[in-house]
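Let me begin by presenting the structure, written as structure tokens, before commenting on it.
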Amino acid sequence: MTDPAAAENRRHRTRVRALVAVVGLALVVSACAAGAVLLIRGSRMFQEVDPVLLGASAPRREELGAGPGIVLLGDSWVAYDKLTQPLVEGLAERGLRAHARSYGHPGATSRRILRNLFEPETAPHASAAALADPTVRFAVVIAGVNDSASHLGADFYAYHVVQIARVLRSHGIEVLLLELPEYGIEQVHAARDPARWLKHELFVQAVDDGEVDVIGGYRSVLRRELAAAGLEGEVHVIGFEGVVASYEEETDLFRDPAHLNEAGQERLVTAIADALAARMRPSSLP
């Protein structure tokens, strides 16, 4: 015969275990949610620029015998000076002399590229020398692949690129900005290992409304923010369609989904050289 008291005790223990399990699960979910919020907030912290740095009078820009200086600022797309010599040669073919230097930081977001402008010269990837060099007349900015691949948000990308442009303009440097490149953003996302995929999927859902291919949206927001900052007429945006219009249709121009190969880089240099040549004539002719 079953002891009613013992049966009731068992039922009570079962209810307690179930309650503990539910509470434990709720705590785990809450902790995960809190951790996710902190991760997103930390990754999306916006870098402010001291207004004093923007209000300083622009240094006098000079041209030496080698022609005006051009700097390329960006991520791995401009790293290791792979574009500088082809660009100088491309300008020479157009009857223009110039010297160029690259400040590329592989893996850098637009925020990191902005910060590099104020890093001590001894710091890795510091680009403050570009602001101090009086021969630098033009800056070509290539950013956004890492912002969009990490799904940090169109507002994050646009804000920091606008700040980069403002800093350069405040130092008397003309700015040419490459439109966020077309690349295999969906392929980059799909190829991640499970842990990294889960992390980035969180950003896709929480920041980019579940959209993986956000290239068009990021481009639109940047143009809007350039106009809002009064930079629309001061910053020339180089369209990327002439380089690559569709990743899926022109994969032969890429060495991997996120980087151009040599043939793709040749097209990119042509687009940049054309944009620069239109702004260097006739004052920069030899």
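The values are calculated or read from the model by the stated rules, or taken from the named source; none is laboratory data. In this text, all values refer to a predicted model and were calculated from it rather than measured experimentally. Don't worry about glycine lacking a Cβ; one is built from the backbone with ideal geometry, like all the others, and counts go over all protein chains shown. Protein only, heavy atoms only, side chains kept; ligands, DNA and RNA dropped before computing areas. Shrake-Rupley method; radii C 1.70, N 1.55, O 1.52, S 1.80 Å.
Here are the numbers:
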quantity: Whichever residue in region 202-215 is over 15 Å from N146 (Cα atoms) and not polar (S, T, N, Q) and, among such residues, is most open to solvent (accessible area, probe 1.4 Å); calculated: D209
quantity: Residue match in region 227-241 (condition: in contact (Cβ under 8 Å) with a residue 40 or more places away in the chain and touching a Phe, Trp or Tyr at 6+ places or on another chain (Cβ under 9 Å)); calculated: no
quantity: Residues of region 99-134 that turn out to be at pLDDT below 95, among the small types (G, A, S) and either under 13 Å from L276 (Cβ atoms) or assigned to a loop (DSSP other than H, G, I, E, B) (or both), as a count; calculated: 1
quantity: Among (1) under 29 Å from I40 (Cβ atoms); (2) open to solvent by 70 Å² or more (accessible area, probe 1.4 Å); (3) touching a residue at least 12 places away in the same chain (Cβ under 8 Å), the one test that L177 misses; calculated: (2)
quantity: All positions within region 135-156 that are out of contact with any Lys or Arg (no Cβ under 9 Å at 6 or more places or on another chain) and outside any loop (DSSP other than H, G, I, E, B); calculated: A139, V140, V141, I142, V145, S148, A149
quantity: Which listed residue is of a type in the set (G, A, S), within 16 Å of S110 (Cβ to Cβ), surrounded by 14 or more Cβ atoms within 10 Å (Cβ to Cβ) and in contact with a strand residue (DSSP E or B) (Cβ under 9 Å, 6 or more places away or on another chain), from A165, A154; calculated: A165
quantity: Scan of region 86-98 for residues that are buried (at least 16 other Cβ atoms within 10 Å of the Cβ), small (G, A, S) and outside any loop (DSSP other than H, G, I, E, B), ordered by number; calculated: G90
quantity: Test: G233 is more than 17 Å from the chain's Cα centre (by Cα) and under 30 Å from E93 (Cα atoms); calculated: yes
quantity: Pair list, Cβ < 6 Å and 6+ apart or interchain, from region 116-132 residues that are over 13 Å from R101 (Cβ atoms) to residues that are of a type in the set (S, T, Y) and surrounded by 16 or more Cβ atoms within 10 Å (Cβ to Cβ); calculated: N116/S127; L117/S127
quantity: The listed residue being acidic (D, E), under 24 Å from A79 (Cβ atoms) and open to solvent by less than 20 Å² (accessible area, probe 1.4 Å), out of D147, D133; calculated: D147
quantity: Spans of helices (runs of 4 or more DSSP H) in region 176-286 with at least 3 residues of a type in the set (A, V, I, L, M, F, W, C) and within 18 Å of V78 (Cα to Cα); calculated: 262-280
